[in-house]
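Taking it in order: structure first as structure tokens, then the write-up.
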Amino acid sequence: MRRLIFAVALLLIAAPVGAQSIYNAAGLGFPSEPVDGRERALGSFGIGLWGSSLQPRDPGSTGMMVMPTAMFVAQPSWTTFDRKSEETGSFQGNRFPLIGVTYPLLNGMFSLTFGSFLDQHFDSQRDASISLPDTVLAATDFFEQEGAVSHLTVGYSRRVLPGAAVGINVGRYAGSLVRRLSRDFGPVTGISSIDPYQAGGFWSYAGTSVTGGFAADLTSVARVAGSVTWSSALDANASADTEAESGSFDLPIQYRLGASAVLTPGLRIAASMVRADWSGIADDFTSPTTVGGTGGFGVGIELSRASLLGKDAPLRFGYKKINLPFAFGPTAASETSWAGGFGLTLSQSNNLVLAAVDLAVERGTRSDSLLKESFWRATLSLRVSGY
Amino acid sequence: MSSCPSPLGVFRVGPAGYRIELIRHMVHRLRIVALLALTAGVVGACAEETPTSLDEELLPREPITLELRFPWADFGSNLAVFGGYGSPSELGSGVLANTFAGSLNARTLVRYGAYPREVSVRDTTGTTRPDTLLTFIGGRVVAFLDTIASTNDGPVTLALGATQESWDATTVTWATAVDTINDKRAWTVPGGGGVTPLATSVWDPAEGDSVWFELDSTMVAAWADTTNVNRGAIIELLTVGPRLAVRGTVLRLNTRPSLNPDSTFFLVSPQQTISFVYDPSPDPPPDGIRVGGVPAWRTVLDVTIPTQLTGPAELCAVVTCPVTLDPVELNFAAIVFRSRQPDLAFQPTDTIGIDVRTVLNRAILPKAPLGSTLVGSLGKRIGPESFGVDAGSEVEIPITLFARDLVAGEDALGQVPTKTLALLSVFEPVSFSYASFYGPGTDQAPFLKLIVTIGRAVKLP
């Protein structure tokens, strides 16, 4: 079983990270939350939920876990966009926002996660007409941006009280960016073929983060958790053959707070919020970029007594709104989404879930003054414990 | 009964309990395996599409594409013309001329192979048998002419003769019959030596593309000895003025077999070799460029690609001048020649293909090895009108790959590239006529044409 999980994880890691939004082209890209299907369905930012939770942004809750756990998350999405009513289109893609494992050691829980942070995949093109002494050439400029910033964390969490835990993650930002501009002259009449022009650069990302957090069960009906993530500057180091210079981007401190509670034996609620001030990064861009503060909240409910085929299958519904750090227009962009989903416990023993799958389906929009996107986003996650 | 720990919890160890727990354990695993497979399958089945927008504001600033022209002095040097590549016999065809364009005379020489020694004949009883006792009672030399490449519109008179001196097909010229190593012999009479007249014939292009000369048995017998190095036929144009192209000839033998003496068979002796001699031979051009002909001409020149660009103004508005040209910024490079009308006797009458190759070692010219073609197997095709009524038209020879290597300072193999180019015909030799262009010393000298695209560096967002 371990070999199989490892093989599937490798397969998914090796698969290309697909794109989610044209906002990938804004600023440093589109922020990609490393949360699983349960949290997506509850509109959560991945903090303060009941039960076992493996989230790089919630090291406190990791300390509440009692068994080694492995998790991976897949996230296909389908997006349509409308740019200033001049251009419409659609695209789809897959992402793998989170892969992680925990293992109990030294009276606590060690964790290792590999998650997404910023998505930067984007293509664009424009037509150009070039007047030469003897002819006029029709050319097309293609711009490709391939890249992403990922976040690798290693953490240690442990209970400090029977109902409280603290944890810390040390993370490393990694990834790369390729930006390539090419001009294709296509078939040319009256002149021999003209080779295309190409210019671009390659940068590799590096940075460090530290996340500290806590989680506390307030009696047996409520949990509250919080975390703070500090990040060093995100360095983009140009390769030796890249003409452009390296860069460095200030990343904000991120504050997260979440809580969940049992209202009735079959009804649970959850709420969370996030706050990060990205304004300090504005001066780091080579071209003017609209930068906003990331503030968001999400709420959700879970009908925990629902079942499917004799197995526990809690139904979940959620709502989330968050401002995006980068936008095209003069005002900040935001994303809102409604979500629904369910979990399915595949195996459990003594009230401990050994294997479960969680599915969330979101319908949402992203918009600023120039671009509006509507999306369907599915999040499917699998947790396996006790291996 | 006892219990033992398991990653899945504690279960009873006993015959019945063990079996139940084992089955439950297997069902649990199967579910997980199925789920993993389903997850991988669903995710893998989804197509990947990169978000794409046509918003021009999302692209880096537009690069500039320019055409730059450089005069000969800025890019070319050491131009030289070499001749003598190949021989007329390699063309596989002949040329006839009598004072064409006021000066050109040309004659075609042919040598035939061994006569057939056996033929299957139906005898007087109706049985087909091989017959080796053949009697050649006569024959005819048939010449096939190219009606398009020939310049005459009306009938012309041709003469067939027999050569009386030994000649070498690969080295024969108007002046020399043999010009091999340590053996150079001139014709006793230039243009084929003393010739025994055999026949004359009239060819009218309106009636067909062939002409024939009747031979008697004595003439046929004279060419039967293949050890006779003097043997050969020479075709001459008696009508003053035109130039004819001979595609080939054949010797048809009128044969009487011994098994059926009342019948006559027509057997064919294959053409062993064909060549032609002409006079006068063109002199090397003092100030021009020449490509083609037979023996073929090549033009060799050294090329330097300017890499420091100081203009024009629209370029310097985009980047800081002077700008150093990068190989990827060079989209197109060509040397533009202006066609020139050659000596009328050698003016092309059909499209010709010009090849361009690198000269790998200029120091050992004219026998320097050449690199691969820069213009493809068909070469740069140029119509005959460019060397006639349209003389002076521009002929663009693309050298983009060669120019990029020069700018980069190394070729695809990482070696220092040669800067020497050779212009030559696609095949050597390929035609009697040759292409001619104005050289560096004229007011229509070649120029270098570059199309470059230069932009700002693609930076981080």
Practice problem: Look through B:437, B:432 and report the one residue that is of a type in the set (Phe, Trp, Tyr) and assigned to a loop (DSSP other than H, G, I, E, B). | Solution: B:432
Quiz prompt | From B:92, B:83, residue being at pLDDT 60 or above, away from chain A (no Cβ under 14 Å) and surrounded by 14 or more Cβ atoms within 10 Å (Cβ to Cβ) | solution = B:83
Quiz item: If you check every pair at least six apart or on different chains, which have Cβ atoms under 7 Å apart with a residue in region B:112-137 that is outside any strand (DSSP E or B) first and a residue that is of a type in the set (A, V, I, L, M, F, W, C) second?
Solution: B:115/B:136; B:115/B:224; B:115/B:253; B:116/B:267; B:123/B:259
Quiz item: Any residue in region B:297-308 that is out of contact with any Cys (no Cβ under 7 Å at 6 or more places or on another chain), without any contact (Cβ under 8 Å) to a residue 60 or more places away in the chain, within 14 Å of chain A (Cβ to nearest Cβ) and open to solvent by 10 Å² or more (accessible area, probe 1.4 Å)?
Solution: no
Quiz item: From the residues in region A:73-90 that are at the interface with chain B (Cβ under 9 Å from one of its Cβ atoms) and at pLDDT below 90, which one is nearest to the chain's Cα centre (by Cα)?
Solution: A:90
Exercise. Residue by residue through region A:308-320, note down the ones that are closer than 25 Å to residue A:271 by Cα and open to solvent by less than 80 Å² (accessible area, probe 1.4 Å).
Key: A:312, A:313, A:314, A:315, A:316, A:318, A:319, A:320
Quiz item: Condition test on residue B:350, is it of a type in the set (Asp, Glu) and touching a helix residue (DSSP H, G or I) at 6+ places or on another chain (Cβ under 7 Å)?
Solution: yes
Self-check item: Residue list for region B:183-196, filter: under 19 Å from residue B:97 (Cβ atoms) and touching a residue at least 12 places away in the same chain (Cβ under 8 Å)
Solution: B:187, B:190, B:191, B:192, B:193, B:195
Exercise. Kindly check whether there is at least one residue in region B:254-269 that is exposed (fewer than 14 other Cβ atoms within 10 Å of the Cβ), touching a residue at least 12 places away in the same chain (Cβ under 8 Å) and part of a strand (DSSP E or B).
Key: yes
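So for region B:221-229 (the condition being assigned by TED's automatic domain parsing to the domain that holds residue B:135 and outside any loop (DSSP other than H, G, I, E, B)), does at least one residue qualify? Quick ask: steps written out before the conclusion?
At the first step, the residues of region B:221-229 found to be assigned by TED's automatic domain parsing to the domain that holds residue B:135 are B:221-229.
Restricting the remaining residues to those that are outside any loop (DSSP other than H, G, I, E, B) gives B:221-222.
Among the residues of region B:221-229, at least one is assigned by TED's automatic domain parsing to the domain that holds residue B:135 and outside any loop (DSSP other than H, G, I, E, B), which makes the answer yes.
Taking residue B:311 as the residue in question, decide whether it is closer than 29 Å to residue B:408 by Cα and part of a strand (DSSP E or B).
Working: closer than 29 Å to residue B:408 by Cα: yes; part of a strand (DSSP E or B): no.
When the stated conditions are applied, residue B:311 does not pass them.
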Quiz item: If residue A:111 passes every condition in (1) within 12 Å of chain B (Cβ to nearest Cβ); (2) buried (at least 21 other Cβ atoms within 10 Å of the Cβ) but one, which one does it miss?
Solution: (1)
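For region A:220-274, name all the residues that are hydroxyl-bearing (Ser, Thr, Tyr) and either surrounded by 19 or more Cβ atoms within 10 Å (Cβ to Cβ) or farther than 28 Å from residue A:154 by Cβ (or both).
Just the residues of region A:220-274 that are hydroxyl-bearing (Ser, Thr, Tyr), to begin with: A:220, A:227, A:229, A:231-232, A:239, A:242, A:246, A:248, A:255, A:260, A:264, A:272.
Of everything in region A:220-274, those that are hydroxyl-bearing (Ser, Thr, Tyr) and either surrounded by 19 or more Cβ atoms within 10 Å (Cβ to Cβ) or farther than 28 Å from residue A:154 by Cβ (or both) turn out to be A:220, A:227, A:229, A:231, A:242, A:260, A:264, A:272.
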Practice problem: Specify which of the listed residues (A:337, A:347) is within 11 Å of chain B (Cβ to nearest Cβ), among the hydroxyl-bearing types (Ser, Thr, Tyr) and part of a strand (DSSP E or B). | Solution: A:347
Practice problem: Find all pairs meeting these conditions: Cβ atoms under 7 angstrom apart; at least six residues apart or on different chains; first residue within region B:49-67 and at the interface with another protein chain (Cβ under 7 Å from one of its Cβ atoms) and of a type in the set (S, T, N, Q); second residue surrounded by 19 or more Cβ atoms within 10 Å (Cβ to Cβ) and part of a loop (DSSP other than H, G, I, E, B). | Solution: B:50/A:19; B:50/A:121
Quiz prompt | Inter-residue pairs, beta-carbon under 7 Å, first within 22 Å of residue A:317 (Cβ to Cβ) and in region A:335-354, second aromatic (Phe, Trp, Tyr), 6+ apart | solution = A:338/A:319; A:339/A:317; A:340/A:317
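A quick yes/no check of all residues on (1) surrounded by 19 or more Cβ atoms within 10 Å (Cβ to Cβ); (2) more than 29 Å from the chain's Cα centre (by Cα); (3) modelled with pLDDT under 95:
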site: B:150; (1), (2), (3): yes, no, yes
site: B:157; (1), (2), (3): no, yes, no
site: B:160; (1), (2), (3): yes, yes, no
site: B:170; (1), (2), (3): no, no, yes
site: B:187; (1), (2), (3): yes, yes, no
Quiz prompt | Test: residue in region A:147-164 that is of a type outside the set (Phe, Trp, Tyr), open to solvent by less than 10 Å² (accessible area, probe 1.4 Å), within 30 Å of residue A:327 (Cα to Cα) and over 33 Å from the mean Cα position of the chain (by Cα) | solution = no
Quiz item: Looking at region B:360-379, which of its residues are touching a Pro at 6+ places or on another chain (Cβ under 8 Å) and either modelled with pLDDT under 90 or β-branched (Val, Ile, Thr) (or both)?
Solution: B:375
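The values are calculated or read from the model by the stated rules, or taken from the named source; none is laboratory data. Everything numeric in this text was worked out from a predicted model, so none of it was measured. Glycine gets a Cβ as well: all are built from the backbone with ideal geometry, and neighbour counts include every protein chain shown. What goes into the accessible areas is simple: the full protein's heavy atoms, side chains included, and nothing from ligands, DNA or RNA. Shrake-Rupley method; radii C 1.70, N 1.55, O 1.52, S 1.80 Å.
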